[in-house]
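Here is the structure we will look at.
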Amino acid sequence: MAEIKLATEVRTEFGKGAARRIRRANQVPAVVYGHGAESVHITLPGHELLLALRTANVLIGLEIDGKDALVIPKAVQRHPLKGTIEHVDLLTVKRGEKVNVEIAVHAEGDLAPGANLLEFVQNTLLVEAEATHIPESVTVSVEGLDAGDSIAAKDIPLPKGSVLAGDEDAIVIQVVAAQAEEPSADEAAAAEAEGAEA
């Protein structure tokens with residue numbers, strides 16, 4: 001995974017007022033933590049951060065007080081209406097270090113003929129991977145699956161260097177038969193009347 005470099009400034013002001021001023025300047029307040037070090041409060045450029053976070057588990061290179069740091073996003077708070085980033089928590093990682101992250105699960109292929117529906121019980125998998133080689137997603141084939149079939153976490157092929165970190169028996173995808181719609185009250189009454197006439 002490519003590393004994205006972002007400019008940073010260490011924050012000395014805290015509280016809601018300071019956070020509002022930071023956001024008005026198109027910056028995002030953030031906290032960097034991990035490896036037993038003290039948390040560092042920083043600001044990041046809003047637009048560049050938004051672009052970086054389009055990639056799941058993106059690896060971000062920062063320079064904090066003259067020292068280089070590699071981080072991955074752990075928690076992103078967004079404005080409920082605008083969708084803008086309000087705050088981000090970043091976890092410090094080292095090259096070669098293993099981290100637990102959630103990656104997206106995608107399905108490909110056609111289900112068996114019939115009125116079947118594909119249901120994602122969970123749309124992410126918890127995996128352990130090297131911090132600098134985190135897969136963006138995994139794809140699993142649902143070709144020919146029929147109602148009642150399911151795929152467990154252990155059945156999903158993971159990219160080289162990644163291992164499952166969650167419950168291996170957890171159902172990720174299942175195929176369910178489409179439910180026939182209940183007849184409306186008018187249709188039920190009409191059917192009953194027809195039955196009574198016969």
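The values are calculated or read from the model by the stated rules, or taken from the named source; none is laboratory data. All values derive from a computational prediction rather than experimental measurement. Virtual Cβ from ideal backbone geometry, glycine too; neighbours counted across all protein chains shown. Ligands, DNA and RNA are excluded from the accessible area calculation, which covers all protein heavy atoms including side chains. Shrake-Rupley method; radii C 1.70, N 1.55, O 1.52, S 1.80 Å.
Is there a residue in region 127-147 that is of a type in the set (A, V, I, L, M, F, W, C), open to solvent by less than 50 Å² (accessible area, probe 1.4 Å) and out of contact with any Leu (no Cβ under 9 Å at 6 or more places or on another chain)? Within region 127-147, one or more residues are of a type in the set (A, V, I, L, M, F, W, C), open to solvent by less than 50 Å² (accessible area, probe 1.4 Å) and out of contact with any Leu (no Cβ under 9 Å at 6 or more places or on another chain). Count of region 149-162 residues, restricted to those that are over 20 Å from GLU102 (Cβ atoms) and open to solvent by 70 Å² or more (accessible area, probe 1.4 Å), is 0.
Listed by first and then second residue, the pairs with beta-carbon distance under 9 Å, at least 6 apart or on different chains, first residue in region 43-54 and surrounded by 18 or more Cβ atoms within 10 Å (Cβ to Cβ), second assigned to a helix (DSSP H, G or I), are THR43/ILE22; LEU44/ALA52. Residue check, ARG24 against (1) open to solvent by 80 Å² or more (accessible area, probe 1.4 Å); (2) within 23 Å of ASN100 (Cα to Cα); (3) out of contact with any Ser or Thr (no Cβ under 7 Å at 6 or more places or on another chain), all met but one. Which one? All conditions are met except number (2). Residue-level check: of (1) at pLDDT below 85; (2) part of a helix (DSSP H, G or I); (3) in contact with a strand residue (DSSP E or B) (Cβ under 7 Å, 6 or more places away or on another chain), GLU48 misses just (1).
Quick check, is LYS98 within 28 Å of GLY36 (Cβ to Cβ), within 19 Å of the chain's Cα centre (by Cα) and of a type in the set (Lys, Arg)? So that I can check it myself, show each step before the final result.
Values: within 28 Å of GLY36 (Cβ to Cβ): yes; within 19 Å of the chain's Cα centre (by Cα): yes; of a type in the set (Lys, Arg): yes.
In short, yes.
Taking (1) open to solvent by 80 Å² or more (accessible area, probe 1.4 Å); (2) touching a residue at least 60 places away in the same chain (Cβ under 8 Å) in turn, ARG95 satisfies each apart from (2). Pairs meeting the criteria (first residue in region 2-17 and farther than 21 Å from GLU130 by Cα, second residue surrounded by fewer than 13 Cβ atoms within 10 Å (Cβ to Cβ) and of a type in the set (Asp, Glu), beta carbons under 7 Å, at least 6 apart or on different chains) are THR8/GLU63; VAL10/ASP65.
Cβ-Cβ contacts under 6 Å between residues 6 or more apart (or on different chains), taken from a first residue in region 135-161 that is among the basic types (Lys, Arg) to a second residue that is part of a loop (DSSP other than H, G, I, E, B) and at pLDDT below 95, are listed as LYS154/GLU168.
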